[in-house]
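Student: Pasting in a structure now, in C-alpha cells, and then I'll have a few things to ask.
The values are calculated or read from the model by the stated rules, or taken from the named source; none is laboratory data. Nothing here was measured: the structure is a model prediction, and the numbers come from that model. Cβ placement follows ideal geometry from the backbone for every residue including glycine, while neighbour counts extend to all protein chains displayed. The area values use the complete protein model at the heavy-atom level, side chains included, leaving out ligands, DNA and RNA. Shrake-Rupley method; radii C 1.70, N 1.55, O 1.52, S 1.80 Å.
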Amino acid sequence: MKNYDSERHVRGESQFVDDINPPKGILYGYVYYSPIAHGKIKRLNTSKALEINGVKAVFTAKDIPGENQIGGIISDEELLAENKVHFIGQPVAFVVAEDQITAHKGANAIVCEFQNLPVITDAREAAAKGELIIPPRIFALGDVNSAWDKCDVIVEGQTESGGQEHLYLETQGAFAYPVEGGGVKIISSTQGPTAVQRVSARILGLPMHKVEVDVLRLGGGFGGKEDQASPWGALTALAAFKLNKPVKLILPRQEDMRMTGKRHPYSSDFKIGLTSEGKILAYEVSYYQNAGAAADLSTAVLERTLFHATNSYFIPNVKATGYCCRTNLPPNTAFRGFGGPQGMFVIESAIYKAASVLGVDASVIQKKNLLKEGDEFSYGQRAEHCRAARCYEEAEQRYNIKGIRERVDDFNLKNKLVKKGVAFMPVCFGISFTSTFMNQASALVHIYTDGSVRVSTAAVEMGQGVNAKILSVVQKIFSISNDRIKIDSTNTSRIANTSPTAASKSADLNGYAVQSACEIILNRLKKTAADDLSEELVANRKFNPEDIEIKNEVIYCADRKTDLNWGKLIQSAYLKRISLSAQAHHATPHIYFDREKSKGQAFAYHVYGTAIIEATVDCLRGIYEIDSVKVVHDFGESLHPAIDKGQAEGGVVQGIGWMTVEEVIYNKDGKLLTDALSTYKVPDVHAAPKEILIHFLEDAPNPYGPFKSKAIGEPPLMYGIGAYFAITNAMKAFRPGKEFKLHSPMTPERVLLSLYDVSSLTKKQSKESKAVTSVVK
Amino acid sequence: MINFILNDKEIKTLENKGMGLLDFIRKDQHLTGTKEGCREGDCGACTVLVGELAGDKVEYKSVNSCLLPLGDADGKHIVTIEGFNLEELNPLQNAMVEEGGTQCGFCTPGFIVSLEGYFIANENVNAFDAVESVDGNICRCTGYAGIKRSAERIVKLIISNQKKSKNYLEKLVGLKLIPEYFLAVPQRLKKITLSKKRNGSNDRRPDYFVAGGTDLFVQKWETMLESNIKLISGEKKYSGISISGGRIKIGGNTTVTEITKSPVMQKYFTEIKKYFSLFGSQPIRSRATLAGNIINASPIADMTIFFLALNSDITFSNGKKKRKLLLRNLYKGYKTLDKKSDEILECLSFKIPHGNFLFNYEKVSRRTYLDIASVNSSMYVELNGNIITSAHISAGGVAPFPLCLDKTSKYLIGKQGSPDVINRAVEIMLSEISPISDARGSAEYKALLLRQLIFSHFIKFFPEMINVEELV
C-alpha cells in the first residue's frame, strides 16, 4: 500500500502554502525583529519604511485590535514586542508590501532604538539568578537518600546535550484573506490548526467562529510547527483583517532559523548507584532546561523529560528534578521526542560512566536493568505488555552481536588510527499527551451519492503518512476501493477544537475517531441492506444488520454473495433518507495524571525497541562514519508497514544528526551563529548510516491502538543516541582509560579535542592569535 | 530577450537576466514543483536540469535554480520535475513511492530531478554513482534509505534492459524514465541558437560580472535582480585547461567539474576526484569557477588551498593590460586583495609537477560532504631519495585568508619526514597561524586540526618512515 500523498509528491503536484496560486492583489509580509537579545524599546520609527514605494502598511503592537498575546500554556509572549524585547529574532513590526523584496526593504528601513539589558544565554546561570518559568518539578520513586548506602558503586557526572534546529524543508508560512462578515481565513503550515485559530482570534479580538484555519500539508514539522506556526498565521490574519486584502508571509530560511525556537539544550547532573554486579539501585538527576525567553511548550517538554528519566530501565529509587530556565534565546519548543531524548541521553551517559568504573561494557548494565512486566515507573504507572527485554534479546540474536563484537575487536587490533565502536540503545517511550485533556480527536465522514467518501480529521499530514493510515482505517471498515476515499485538508470549520498533530498520537486518536464515525455509517448501511435484502432475497425471511457484511464493495448476506454492491447500497440509503454522514469523537480511555503528586496512568501504552549502532572513527582527523543501525522495534500490528519503516529510518537519522553534526551555537550576546544551512549541518546522504535494518518485532499486538497498531513518530529518533556512544567506544579503543566529557553533539571538533591534549599547542601559538581567540562561542 | 525551452515549452521572456531561475519558474510560470528551501544552494529542493547543446546531443547537468541567473538559461533546455511527468508515474517516481523515498514531499522533486539527471547523463550507470548524484539534496524525513533503494532499483532496471534502441536517450524513453519530447530537444535548441543574434555588447560597464554565481546569488540575490550584470559563464575564452612552457594553465572561468574531469589534472593528481568531491555538491561544482573561488578570498577556499601548494601564479587582465602575480601574493588581509576593480582573473598556472613529487589535499568539516571546511590543507613536496628538496604547504581556516606556511615549508627543505622533523615543523606552523573561534570551530580546535592534517600529509607521504604511535 502506498503513502496517500506520495503519488503527488513525486510529480511535484502537492501544494504547500507557497504553492497556492496567489489571488490578484495579494500582498507580502516581512517581519522586522529585534536585533538585540534583551532590552527596552525606546523609540520605534516606521516612517522611513512607509515612504518606500510599494510598502502598504507597517503593523506594530499598538495596531493589534485584540490582545497582544500568543502564549499557549502560559500567557507570557507578545506577538509584536511592545515595550521590551527578550531575544534576537523577536518580532517587533510587520511590513506589508506589493512584493516580498519591497517588504524586505521596508523592514530594513525601520529604525528602532533600544536600551540594552543584561543577557542570559546559559540555563544554569538563569537558574542561579532565579529565572525559572515554573517552580522546579520533581518525579520520585522509592527513596534515593536511603538507597545510596546499599550501593557498591556510586558514580556522579555532568552532561550537556545541544539544541536542534527542526530544519523542516518548508519554512514557516501562512496566507490569510478576509471573508465576509469581518472574519479571516488562514491557510497555514501548522501542526496545530486550532492553535493558529485561537491565537489569531485572540489577536484580532474576534470569536473563534470568525477565524477559519485550513492546512493542506506540511513540508515537515517535527514539532517546530506545533505552537510556533501561530505567530505567522496571526500576523497575516492581522494584516488581512486590517487591510481587507489577502496577505502572505513565507519566512526566508535564515529568518526562520533566527526567529524560531529549537529543541531545548539541557545541562544535567546525575548520580547513579549500583551493586557490583551492575544492578542499578538509585538514580538522582537534575535537569537544567534552556527554555528561552518565553514558556512556549517548555513546561510540558520538561515534564516528558522527567517521565523518561529512566528510559527502558526499572530503577527502584529515583529522584528527578527539572528546572525550566528562562534565558534570552528564542523560546525553545517541541521537537520530535519532546524532552524524552534529553532525559534518555543523561541516563545512558550515567550507565556509560558507571560501566567504565565497573570495567564492563555498558550493555551489561543495560541488560541487567531492563523493564519487566509490572515494573513501576517513577510516575506510578506499571509496565504492561512490556517488550523491553524481548526487543533487546532479539536484536542480540538476529544481528549476531557476538559476531559484530569479534569483527570490531579484530578491526581495532589491526588498525592504529581508525577505530570502530559499537553501542546498544534501548528505548521505551510513553504514548499519549501527558496533558490528559489533549488526548481527544474527532472525525467527520461523508459518503456522497456516487459512493465516494470524504474524510476529515484533526490530523495534519506532514510526511508521517497519517492520511494513509486514516485511509486504511476507512478502507478496512467499509471494505471499498482506496480510489473512493479522499482524505481532506485539516480544517477548523469541519473539525473543531483539534489537538495538535504531535506526541506520535495522531494516527491513534484520529484513527479511532474515524473508525467510530465509519462504524456509525456502516451500521446504518447494514440496516438498509438488511431491509433491502429482506424484501428481495428470500420471501418470508427477515435479515438483521448482523447478517450483512461488505467485502470488496460487494454486499454479503448471511455469508452469501448478493447482487447488492457499494454503489447500489449508497443509492438505496440516500433514497430512503438515511444519513450518509457521521461525526465521531474519541477520547483515550483510562488515562489520568495528577500534576500535584506527579503520579498517574499517564500513557495509554509504551513503545519498546532496541538498536545496535556501529561507528568508525578516524582518530587522526577526528571524523567518523556511522556504519550501521540495526533495530528491533515494537510496532504493534502495523497499520502500514511501509510508512512505519520509513518513520523508523528517518527518525534514526534525525536522532543521529542531533547527536553528531547538528550543533546550534549562540554567542554570548544571544546571537545565533548557525543561522543558515551553510553553518548548521543536518545529515546528508553520506552522513546517514550506510546500513539501516529495521526488524518488526513479531507477534506483538497492541490492545490500545487502532487495529492493534502502535504509534511510531517519535520513538525511533532516540535510537540515534546510540551513535554518540558508538563513537565514544571507538574513541575509547584509541585512548583506553581516558575519560571523556559527556557532551553532545559529538562533532568532529569534540572528537579531536577529546582525543588530544591541546594545552601544549596553544602555548606555542603567537600572542596575537590568542587575543582573538575569545571572540565568540 | 531570453529564449529557451522549459520542459516541453519554448519560452521567450524580457525578464531581467539577473532574476533567479527559481523565481521565474515558480512565479512567472507557476511551476511549483520546484521548491525554495534555503536559497543558498545547500538543500537541493530547487534542483533543475540544464541541457546544453553539444554537437547533435544535449548534455544535461543538475543545478540549483536559486543560484542560476535566468539569463544563463538562454539557449538551453531547462527541465523541472513537471518535465518528467507522464500520465502514469514513471519508474523512478514509482520507486520513490513504493520504496518510501518520499515523506513530506518538499525535497522530493529535487531528488528526482538529480537522479534523472544522473540517468540521462550516464550511459554506464551504477548504484554508487547514482546515490552520489544526490549529494546536493537534503531530506529531513526519510533518512535517505528509501531514496537509495529507489536509485538502486532504477540502476537495475536500466542495466537489465537489453532491448535495442537507436541511442541511450531512446532507451530511457522506452523505459518511460523520460518523456518522448526529449528526443526532439536537440533540433529545437539548434533552431533557437541559429535564430539568435548574440545580443550586442552592452556599452555600460556592468555592476557585476557573474560566472558561476554560486556565492553572489547566495549573498546578493535581491541586488542581482536589479543590477546591470554581465553573464560570463558561457565565455569559453577564459575556460579550459592546457599545457604550455612546462606549465599547466587553467582558465579562470573553468568550473570545478571541468578541472576534476581534466585528463591532464587526473594524470598528475591521481586522487583529484576524491579531493574535489569534498567541494560543495555536484550542482555547485558544475557551476562554481576557479576565479570565483580565488577572488572570493574566503579563508577556507577549497580550490585556492589546492593551488597555493602548487605555488601557482595568476594573470589579471583589464582588457588592455595583463598583470601576473603569485597567487600567494594576492591576499593582503581578510577579503582584501591586490586586485583592481577593472581586472578579471584570466587564468592560473603552475609548474607541471615533476621528478619525484608527492601531493596531498586534506579537508575536515563538520559534515564531510557539502560543507565548508573547518580547516583544509595541501602539501606538495619534491624529493631526492628521501630528502625533501622543495616543499609548499597551504592552510585554510587558520588566518584571515588562505595561508601559505612559508616558514614551515622552508624548514622542511633538506630534511627527511621523520617524527622529529614533523614535530618541529608543527611548532613552526603554530607560529605562523592565527585562527579565530567561529561557527566552524574554536581557535584551539583549528590549531589542533591543522597539526593533524599535517601529520596526515606526512603519514601519506612517508608511511614506512613514520611510527604512528610516536606522532599521535
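Student: If you count, for every residue in A:646-653, the Cβ atoms of partner chains within 10 Å of its Cβ, what is the mean? Don't skip to the end; give the middle numbers.
Tutor: Numbers: counts 10, 5, 2, 8, 11, 2, 2, 7.
Across A:646-653, the average partner-chain Cβ count within 10 Å equals 6.
Student: Using the Kirkwood radius built from alpha carbon pairs, what does the Stokes-Einstein equation give as D for chain B at 10 °C and 1.306 mPa s, in µm² per second? All intermediate terms of the calculation are to be shown ahead of the outcome.
Tutor: Details: Rh = 23.8 Å.
D, rounded to a whole number, is 67 µm²/s.
Student: Let me ask another. If packing is taken as the average number of other Cβ atoms within 10 Å across a peptide's residues, how do A:562-572, A:525-535 rank, most packed first?
Tutor: The peptides rank, most packed first, as A:525-535, A:562-572.
Student: Taking the Cα centre of the protein assembly as shown as the origin and placing charges on Cβ (Lys, Arg +1; Asp, Glu -1), which of A:PHE241, A:VAL111, A:ILE133 is farthest toward the positive end of the dipole?
Tutor: It is A:VAL111, whose Cα lies furthest towards the positive end.
Student: Which residues, if any, in segment A:736-762 have at least 30 Å² less accessible area in the whole protein complex than in the isolated chain, probe 1.4 Å?
Tutor: In segment A:736-762, residues shielded by partner chains: A:PRO748, A:GLU749, A:LEU752, A:LEU753, A:TYR756, A:VAL758, A:LEU761.
Student: When the accessible area of each residue in segment B:333-364 is compared between its chain alone and the complete protein assembly (1.4 Å probe; ligands, DNA and RNA ignored), which residues differ by at least 10 Å², being lower in the assembly?
Tutor: Output list: B:GLU362, B:VAL364.
Student: Evaluate peptide A:661-668: per residue, the Cβ atoms of other protein chains within 10 Å of its Cβ; return the mean as an integer.
Tutor: Values: counts 5, 2, 2, 0, 4, 0, 3, 0.
The shielding value for this peptide is 2.
Student: Let me know the Kirkwood hydrodynamic radius for the protein assembly as shown, please, with Cα pairs as the basis and the value in Å to one decimal. Mind showing how you got there, number by number?
Tutor: On the way: mean 1/r = 0.0309 Å⁻¹.
Evaluated over the protein assembly as shown, this radius sits at 32.3 Å.
Student: Further question: What percentage of the solvent-accessible surface of segment B:86-178, computed with a 1.4 Å probe over protein heavy atoms, is contributed by carbon and sulfur atoms?
Tutor: On the way: 1690 of 3440 Å².
Answer for segment B:86-178 is 49 percent, counting heavy atoms of protein chains only.
Student: Summarise the accessible area of segment A:436-587 (1.4 Å probe, protein heavy atoms) by the percent that is carbon and sulfur.
Tutor: Working: 2980 of 6410 Å².
Here it works out to 47 percent.
Student: With a 1.4 Å probe and all protein chains left in place, how much of the accessible area of segment B:236-471 comes from carbon and sulfur atoms, in whole percent?
Tutor: Working: 4450 of 8720 Å².
Ligands and nucleic acids excluded, carbon and sulfur reach 51 percent.
Student: If we sort B:405-417, B:60-72 on the protection proxy, mean other Cβ atoms within 10 Å, highest first, what's the order?
Tutor: B:60-72, B:405-417
Student: Using the Cβ atoms and a cut-off under 13 Å, what net charge is assigned to the surroundings of B:LYS320, where Lys and Arg are +1 and Asp and Glu are -1? Walk me through the intermediate numbers first.
Tutor: On the way: positive: B:LYS321, B:LYS322, B:ARG323, B:LYS340; negative: B:ASP342, B:GLU343, B:GLU346.
Summing Lys/Arg as +1 and Asp/Glu as -1 gives +1.
Student: With heavy atoms of protein chains only and a 1.4 Å probe, what residues of segment A:616-645 have at least 50 Å² less accessible area in the full set of chains than alone?
Tutor: Those residues are A:LEU620, A:ARG621.
Student: Using a probe radius of 1.4 Å on protein heavy atoms only, what is the accessible area buried between chains B and A, both sides summed, to the nearest 100 Å²?
Tutor: Values: alone 21810 and 30720 Å², together 45310 Å².
Separately minus together, B and A give about 7200 Å² buried.
Student: Separate question: What does the charge dipole of segment B:19-146 about its Cα centre add up to, to the nearest 20 debye, if the Cβ of each Lys and Arg holds +1 and the Cβ of each Asp and Glu holds -1?
Tutor: Result for segment B:19-146 is approximately 360 debye, rounded to the nearest 20.
Student: Still on this structure: Which one, B:SER277, B:GLY245, B:GLN162, projects farthest toward the positive side of the charge dipole computed for segment B:139-280 from Cβ point charges (K/R +1, D/E -1)?
Tutor: Value computed over the given set: B:GLN162.
Student: Considering every residue in B:132-138, what mean count of other chain Cβ atoms within 10 Å of its Cβ is obtained? Can you show the working numbers first?
Tutor: Numbers: counts 2, 1, 3, 3, 2, 2, 8.
If you average over the peptide's residues, the count of other-chain Cβ atoms is 3.
Student: Per-residue ellipticity at 222 nm for the protein assembly as shown, helices alone: DSSP H runs ≥ 4 residues times -39500 (n - 2.57), over residue total, nearest 500 deg cm²/dmol?
Tutor: Values: 39 runs with 382 residues, N = 1249.
Calculated from helices alone, the mean residue ellipticity at 222 nm is -9000 deg cm²/dmol.
Student: Let me ask something additional. Which whole-number value in Å² is the accessible area per residue of the protein assembly as shown, probe 1.4 Å? Walk me through the numbers on the way to the answer.
Tutor: On the way: 45310 Å² over 1249 residues.
For the protein assembly as shown, the solvent-accessible area averages 36 Å² per residue.
Student: While we're here: With each pseudo-label sitting 7 Å past Cα toward Cβ, what's the A:ILE138-B:ILE159 distance in nm, one decimal?
Tutor: Those two pseudo-labels are separated by 6.4 nm.
Student: So for each of A:608-616, A:175-183, B:211-219 I average, over its residues, the number of other beta carbons within 10 Å; can you give me the resulting order with the highest mean first?
Tutor: Details: A:608-616: 28.6, A:175-183: 16.6, B:211-219: 22.8.
Highest mean packing first, the order is A:608-616, B:211-219, A:175-183.
Student: How many angstrom separate the Cα center of segment A:592-618 from the Cα center of segment B:366-415?
Tutor: Answer, in whole Å: 49.
Student: Rounding to the nearest 20 debye, state how big the charge dipole of the protein assembly as shown is about its Cα centre with +1 on each Lys and Arg Cβ and -1 on each Asp and Glu Cβ. Spell out each step's value before the answer.
Tutor: Details: 152 positive and 140 negative charges, 627 e Å.
Magnitude of the dipole: close to 3000 debye.
Student: Putting +1 on Lys and Arg Cβ atoms and -1 on Asp and Glu Cβ atoms, find which of A:LEU218, A:VAL514, B:ALA373 reaches farthest to the positive end of the dipole of the protein assembly as shown.
Tutor: Checking the options against the dipole of the protein assembly as shown, the answer is B:ALA373.
Student: With the contact rule set at Cα under 8 Å and sequence spacing of 6 or more, what percent relative contact order holds for chain B? The partial results should precede the final answer.
Tutor: Working: 911 pairs, mean separation 52.6, N = 472.
Computed value for chain B: 11 percent relative contact order.
Student: Considering the zone a paramagnetic label at B:ASP406 would reach in this model (a point 7 Å from Cα along the Cα-to-Cβ line), which residues of segment B:289-332 have amide N under 13 Å from it?
Tutor: B:326-332
Student: With charges set only on the Cβ (+1 for Lys and Arg, -1 for Asp and Glu), what does the dipole of chain B come to about its Cα centre, in debye to the nearest 20? Don't jump to the answer; show the numbers that get you there.
Tutor: Values: 62 positive and 52 negative charges, 293 e Å.
Roughly 1400 debye for chain B.
Student: Can you give me the Rg/Rh ratio for segment A:299-455, using Cα atoms for both radii and the Kirkwood formula for Rh? Let's see the in-between values first.
Tutor: Values: Rg = 21.3 Å, Rh = 19.1 Å.
That ratio equals 1.11.
Student: Same structure, new question: Measuring from label point to label point, each 7 Å out along Cα→Cβ, what is the A:ASN400 to A:SER47 span in nm?
Tutor: Each label point is offset 7 Å from its Cα along the Cβ direction, giving 8.0 nm.
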